[in-house]
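Just below is one structure, and these are the notes that go with it.
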Amino acid sequence: MDQKTLFEEIGTQPLAARLRPQTLEEFAGQTHLLGEGKVLRRLIENDRITSMIFWGPPGVGKTTLARIIANKTKAVFIDFSAVTSGIKEIRTVMEKAEINRRYGEKTIVFVDEIHRFNKAQQDAFLPFVEKGSIILIGATTENPSFEVNGALLSRCKVFVLQSLKTEDLVALLDHALKDPRGFGNQKILMPPDLLELLANFANGDARSALSTLEMVILNGDTEGDTVRITLETVEQCVSKKSLLYDKKGEEHYNLISALHKSMRNSDPDAAIYWLARMLEAGEDPLYVARRIVRFASEDVGLADPRALDIAIAAYQASHFLGMPECSVHLTQAVVYLSVAPKSNALYQAYENAKKDALTQLAEPVPLVIRNAPTRLMKDLDYGKGYQYAHNSEDRLTNMQCLPDSLLGREYYYPTDQGIEAKYKERLEQIKEWKKRHQS
């Protein structure tokens, strides 16, 4: 057993490393594999491990499961890294495993990031897996159908690990606050709703959740021997940097704002004036054209789908001609957009969806609408039950396309403006059809 050096004291390790589960009882999530009576749990508890591959996103416990197996098994356990090991190292380990087999001893070889091995490296394992010299456990974040040789894959059982649920991560974070290996010896005041905020931000990744919690606590407000965590502290630690696309001064933004809001207010005269102010001051016509293209969908949208065509045509004309000739094309687009019927329904639809995308747990794509180009993916029920809309008389199905947690959520609310009124009527017909055909 390795001894820790002076520089490897527990307290200096990252929180995720200090709290790495040592037993199945400490392991968070993956109840579909590790719940009582489930196949993987039985294999581990009975020390009957066969060659297998753990496939799942980062931070869901692939390496941790391998460590638990190492602690549980009576076999020789060899930890292998696909990043640092070549064919020479593989052959050396395989020869040692073959000697162990002759003496009746099992050898388990764990290969982290097995997808990083090339075909020749993977082929080096194959004969030893075939004759039982080793039991191979691979871990990968990539689809093994594409990243692992077919011959090797066919000799391994694939276990799919899922992103951790919000409640799993909340429980994990709460455990970190109470466990002496974490912050159990400190007085941390942190409201439960902030733990849930961190759990959602981690997006199913336990390592990310624990790392963020550690950062939050290190930046908390210290009052004596108490660390108080506020919403402001959490937001500072999880916020993303905003990047400006342009370094020009305030007046640049003031003028483009004036143009945009004049078109939104259906005032073509004001819009033309602000356009002229920008172009005559030397503004890049392509910058203006790009903003016009944005406006066409943000503020007109399906109230007049032709608006986007006009805007893109103006951009292309500006690209071909440049100033001063393109000024008339930009004027045409600005006037058209100013007098067109207005709808921001598309903009609002995306903003509503973006809010869910950023704040809700990113659930996997429902199996029914996944493609299944490989046999493994078909065996895992990818695409099972898919309904091809063109095969139905009405070209409609009642198939569920949203994740379970967002079932029934609506983002697009069409207006009665211009042509969008027709789309609104059509959408209402679709919703009524689906209501009548609910299974």
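The values are calculated or read from the model by the stated rules, or taken from the named source; none is laboratory data. Since we're looking at a predicted model, the values are computed, not measured. Note that each Cβ is placed from the backbone with ideal geometry, even for glycine, and that neighbours are counted across all protein chains shown. All accessible areas refer to the heavy atoms of the entire protein, side chains included, with ligands and DNA or RNA removed. Shrake-Rupley method; radii C 1.70, N 1.55, O 1.52, S 1.80 Å.
Stokes-Einstein diffusion for the chain, with the hydrodynamic radius set to the Kirkwood value over Cα pairs and evaluated at 4 °C in a medium of 1.567 mPa s, equals 48 µm²/s.
What a 1.4 Å probe finds exposed on the range 157-282 is 51% carbon and sulfur by accessible area, rounded to a whole percent. Run the helix sum for the chain: -39,500 (n - 2.57) per DSSP H stretch of 4+ residues, divided by residue count, reported at 222 nm to the nearest 500 deg cm²/dmol. -14500 deg cm²/dmol, from helical runs alone.
Long hydrophobic helices in the chain: the complete DSSP H runs spanning 20 Å or more by Cα along their own axis with mean Kyte-Doolittle hydropathy of at least -0.5 are 306-321. Among the trypsin sites (Lys or Arg not before Pro) found in the range 295-403, those both in a DSSP coil and sparsely packed, with 14 or fewer other Cβ atoms within 10 Å of their Cβ, are K384, R395. If the reach is capped at under 23 angstrom between alpha carbons, list the lysines near K74, excluding any in the same chain fewer than eight residues apart. Within the straight-line cut-off, K74 pairs with K38, K62, K96, K106, K131, K157.
In vacuo Debye scattering of the range 283-435, one point per C-alpha: log10 I(q)/I(0) at q = 0.15 Å⁻¹? With one equal scatterer per Cα and no solvent, log10 I(q)/I(0) is -0.94.
Comparing N352, Q121, P414 along the charge dipole axis of the chain, the residue lying farthest to the positive side is Q121, per the Cβ-charge model.
Protein heavy-atom accessible surface, 1.4 Å probe, per residue over the chain: 58 Å².
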